[in-house]
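Take a look at the structure below.
Rule-based calculations on the coordinates, nothing more; no lab input. Keep in mind the model is a prediction, meaning the values are calculated, not measured. Note that we place each Cβ from the backbone using ideal geometry, even for glycine, and neighbour counts take in every protein chain shown.
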Amino acid sequence: MEVVRIAGIDPGLRFTGYGVVNYNGETNEIWVSNCGVAKTPPKIKGIDAILDMQDRVSEILNRDCFIESDHCVVEIPAAIYSKTFSAGALIPVAAVAGGILMMVERDRVIPVYPTVWNESKKKEKTRKITEEMVGNYENWLYDDMPKAKGQFEHIIDAVSMALWYMRLNYLEQ
């Protein structure tokens, strides 16, 4: 049996987390690989920051591990559709997410709202579930190991999204 690979991407204007969840159905092994965080330098602002992040993600998506992924789950911000939410900070993230959606073939891309993939659980609960299934994030295989501890949150979210999709479609419940 071939290994099923699901990529996850957590778009952001300054930091975009990514990772691949791999599953070998024959051996029932599941592991995380090709993790990292794309970073836009703080000196780049506005539209240039959006375009810079899209360029960085394009390079990531052109790596073999992402090209060979069966699906790519991309978080899209849901809050911008709420009439009571100030969307100023999320509109650039939505622009980055929209660009990513356009970079992945339509039959492979899975856009998902945060409350869907995390099933409305708090971050710590989601992280705990993810690490119970695929081990501690410090032991995952990284392409780009973040230097700042806070950047791991983006990678954990990306992997958690991919794992959510993997559980729904490939793992026995």
ask   = Going by alpha carbons, how many degrees (0 to 90, nearest 10) lie between the helix axis of 46-61 and the longest principal axis of the chain?
value = 20 degrees
inquiry  = For Ile110, what residues show an amide H to amide H distance below 5 Å, using hydrogens built from the backbone and excluding near sequence neighbours?
reply    = Cys72, Val73, Val74
ask   = To the nearest 10 degrees, how steeply does helix 152-169 sit against the main Cα axis of the chain, on a 0 to 90 scale?
value = 50 degrees
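To make sure I understand, if each residue's beta carbon is the centre and we count other beta carbons within 10 Å, what order do Asp52, Asp107, Asp157 fall in, fewest to most? Could the numbers behind the result be given before it?
On the way: Asp52 19, Asp107 6, Asp157 25.
The fewest-first ordering by Cβ neighbours comes to Asp107, Asp52, Asp157.
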query = Straight-line reach from Lys149: which aspartates and glutamates have a Cα under 12 Å away, not including same-chain ones fewer than 8 places off?
reply = Glu138
request  = Just name one of Pro146, Ile50, Val21: the one whose Cα is farthest towards the positive end of the charge dipole of the chain (beta-carbon charges, Lys/Arg +1, Asp/Glu -1).
outcome  = Ile50
note = Expressed as a whole-number percentage, the relative contact order of the range 4-169 with C-alpha contacts under 8 angstrom and at least six residues apart is 36 percent
key: Helical mean residue ellipticity (222 nm; -39500 (n - 2.57) per DSSP H run of 4+; nearest 500) of the chain   = -12000 deg cm²/dmol
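Looking at the square roots a ≥ b ≥ c of the eigenvalues of the Cα gyration tensor of the range 102-159, which shape do they give, rounded for a/c under 1.5, prolate if a/b is larger than b/c, or oblate? Display every interim value, and only then the final one.
Values: a/c = 1.91, a/b = 1.23, b/c = 1.55.
Because a/c hits 1.5 or more and a/b fails to exceed b/c, the range 102-159 counts as oblate.
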inquiry  = Let me spell out the model: positive unit charges on the Cβ of Lys and Arg, negative unit charges on the Cβ of Asp and Glu, origin at the Cα centre of the range 4-169. What dipole size does that give, in debye rounded to 20?
reply    = 740 debye
Among Ala97, Ala7, Ile110 the positive-end extreme of the charge dipole of the chain (Cβ point charges) = Ala97
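Which of Lys43/Lys125; Lys45/Lys128; Lys43/Lys122; Lys125/Lys147 have a Cα-Cα distance over 30 Å? Don't jump to the answer; show the numbers that get you there.
Numbers: Lys43/Lys125 35 Å; Lys45/Lys128 35 Å; Lys43/Lys122 32 Å; Lys125/Lys147 24 Å.
Correct reply: Lys43/Lys125; Lys45/Lys128; Lys43/Lys122.
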request  = Please grab the % of Cα pairs in the chain that end up more than 26 Å from each other.
outcome  = 24 percent
query = Considering only Asn62, Ser33, Ser120, whose Cα is most displaced toward the positive end of the charge dipole of the chain, charges sitting on Cβ of Lys, Arg (+1) and Asp, Glu (-1)?
reply = Ser120
